[in-house]
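Engineer: One structure follows; several queries about it will come next.
The values are calculated or read from the model by the stated rules, or taken from the named source; none is laboratory data. Fair warning: this is a prediction, and the values are worked out from it, not measured in the lab. Using ideal geometry, Cβ is built from the backbone for each residue, glycine included, and neighbour counts are taken over all protein chains shown. Just the protein is used for accessible areas: all its heavy atoms, side chains included, with ligands, DNA and RNA removed. Shrake-Rupley method; radii C 1.70, N 1.55, O 1.52, S 1.80 Å.
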Amino acid sequence: MYLFDLASRHMTWLGGRQAVTAANIANADTPGYRAKAITDFDSVLGQTGLGLSVTAPGHLPLHGETITAIELRPGESWDQAHSGNTVSIESELMKAGQTSRMMSLDTGIARSFHRMLLSSLKA
């Protein structure tokens, strides 16, 4: 069942990434605005301690930590406007497209796993 938990955590991260991308696009013409980004999912996942579940006394213990927060960091910018704004619309639109594709992939994987789970219960 960890697949559903992993997909849920990834969707939460993607939601945060989508919000930051939207804020960057909304402030594209704001003088002095610095583009923001969130920590990569790989490093966020590394902090969660996801592991195998313990089904026998000889197994290693499970560390059930959760994602505490999504850390904001300064975004990488392709260029800086004369007003000091570092938002690149092209870069942000590429991030938005990538986020949309990852959300579709997560949804498809969770849907397929759910169907397999239901099929195994019917048999």
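Engineer: Among the listed residues THR39, THR66, identify the single one that is out of contact with any Asp or Glu (no Cβ under 7 Å at 6 or more places or on another chain) and at pLDDT below 90. So that I can check it myself, show each step before the final result.
Structural biologist: Working: THR39 fails: out of contact with any Asp or Glu (no Cβ under 7 Å at 6 or more places or on another chain).
Answer to the check: THR66.
Engineer: List every residue pair whose Cβ atoms sit under 8 Å apart, with the two residues 6 or more apart in sequence or on different chains, where the first one lies in the stretch 1-26 and is hydroxyl-bearing (Ser, Thr, Tyr) and the second, anywhere, is in a helix (DSSP H, G or I).
Structural biologist: THR21/GLU92; THR21/LYS95; THR21/ALA96; THR21/THR99
Engineer: Further question on the same structure: Report the residue count in the stretch 89-106 for those that are among the hydroxyl-bearing types (Ser, Thr, Tyr) and touching a helix residue (DSSP H, G or I) at 6+ places or on another chain (Cβ under 8 Å). Break it down stepwise before answering.
Structural biologist: Of the stretch 89-106, the ones among the hydroxyl-bearing types (Ser, Thr, Tyr) are 91, 99-100, 104.
Next, only the ones that are touching a helix residue (DSSP H, G or I) at 6+ places or on another chain (Cβ under 8 Å) stay: 99.
Count: 1.
Engineer: Now for a separate question. Can you tell me how many residues in the stretch 25-44 are open to solvent by 50 Å² or more (accessible area, probe 1.4 Å), under 16 Å from LEU93 (Cα atoms) and in a loop (DSSP other than H, G, I, E, B)?
Structural biologist: 1
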